[in-house]
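Read the structure below first, then the notes.
The values are calculated or read from the model by the stated rules, or taken from the named source; none is laboratory data. Small disclaimer: the values here were computed from a predicted structure and weren't measured. As a convention, Cβ positions derive from the backbone with ideal geometry for all residues, glycine included, and neighbour counts pool all protein chains shown.
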Amino acid sequence: MHEEVMSNTHFNLRFDLQSYWHAGSGRSGGALLDAVVHKNAAGLPFLPGRTVKGLLRDAVYRAEQWGHIPPKTTHCFFGSEALEEKRAIFETKAGALGVSDAVLPADITAWLSHSATNPQLRQVLFKQLSASAIDPATGSTKDKSLRTLEVTIPLPLTARLEVLNPASLENRDWGQGRQHWIDCLKPCLRLIRAVGASRSRGLGRVTVTLEEK
């Protein structure tokens, strides 16, 4: 089983979004929108690869700190960062795993990206949510606190997970009878409960699963 799994170096990470979500682009949408979402050249939503990697890294790091997976698994999977635990690291090291952007299924992407497709269909993917801050002393809305976000409707997204350095994953003790690095990663995915901004307000609820291609 170990050799069979290691022969596969490409996997799919499926993100099943279950609520509106906001993967911010850092840009505003003029007078009507304070923040718009990431879109590709065809105007379709996606979750950037750096965001996907950050979510995975955070989940694996938490599992590691809680003692559920072996020490240094985070570094093995995703490498070291320039700043860790509030201290600078001058020699970073690449990790064994790489991830792509999380995008819509290929057939939906092809259909919605086609030049003949009505552009209004793409707009159905997006909504606008507005919220204001409440003054706890008066119970009224704070002045100039109205903020409008562009959000994306619940959709399935898929990212590609690739083994870039198989040698660093082989011949390791994955602990507790685990036979493979996948046995370490899969339980960590359950720790990813939401993506994007305003997660504490119910946006971006998600379930993440690993699928063999």
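For the reader, a short list of remarks on this structure follows.
- Candidate set from the stretch 31-57 (those that are part of a helix (DSSP H, G or I) and touching a residue at least 40 places away in the same chain (Cβ under 8 Å)); member that is surrounded by the fewest Cβ atoms within 10 Å (Cβ to Cβ): G49
- Looking only at residues of the stretch 66-81 that are in a loop (DSSP other than H, G, I, E, B) and modelled with pLDDT of 80 or more, we find that the one that is farthest from Q176 (Cα to Cα) is G79.
- Every residue from the stretch 179-189 that is in contact (Cβ under 8 Å) with a residue 24 or more places away in the chain and either closer than 20 Å to F78 by Cβ or surrounded by 14 or more Cβ atoms within 10 Å (Cβ to Cβ) (or both): H180, W181, I182, C184, L185, K186, P187, C188, L189
- On inspection, E84 does not qualify as among the acidic types (D, E), at pLDDT below 95 and more than 21 Å from the chain's Cα centre (by Cα).
- Looking only at the stretch 169-213, and only at residues there that are in contact with a strand residue (DSSP E or B) (Cβ under 9 Å, 6 or more places away or on another chain), of a type in the set (K, R) and in a loop (DSSP other than H, G, I, E, B), the one that is nearest to L149 (Cα to Cα): R193
- Strands (runs of 3 or more DSSP E) enclosed by the stretch 89-168 - at least 2 residues per element that are modelled with pLDDT under 75: 126-131
- Within the stretch 64-77, residues that are buried (at least 16 other Cβ atoms within 10 Å of the Cβ) sit with their Cβ atoms under 7 Å from residues that are of a type in the set (S, T, Y), at 6+ positions apart or across chains, in these pairs: E64/T73; E64/T74; T74/Y61; C76/S168.
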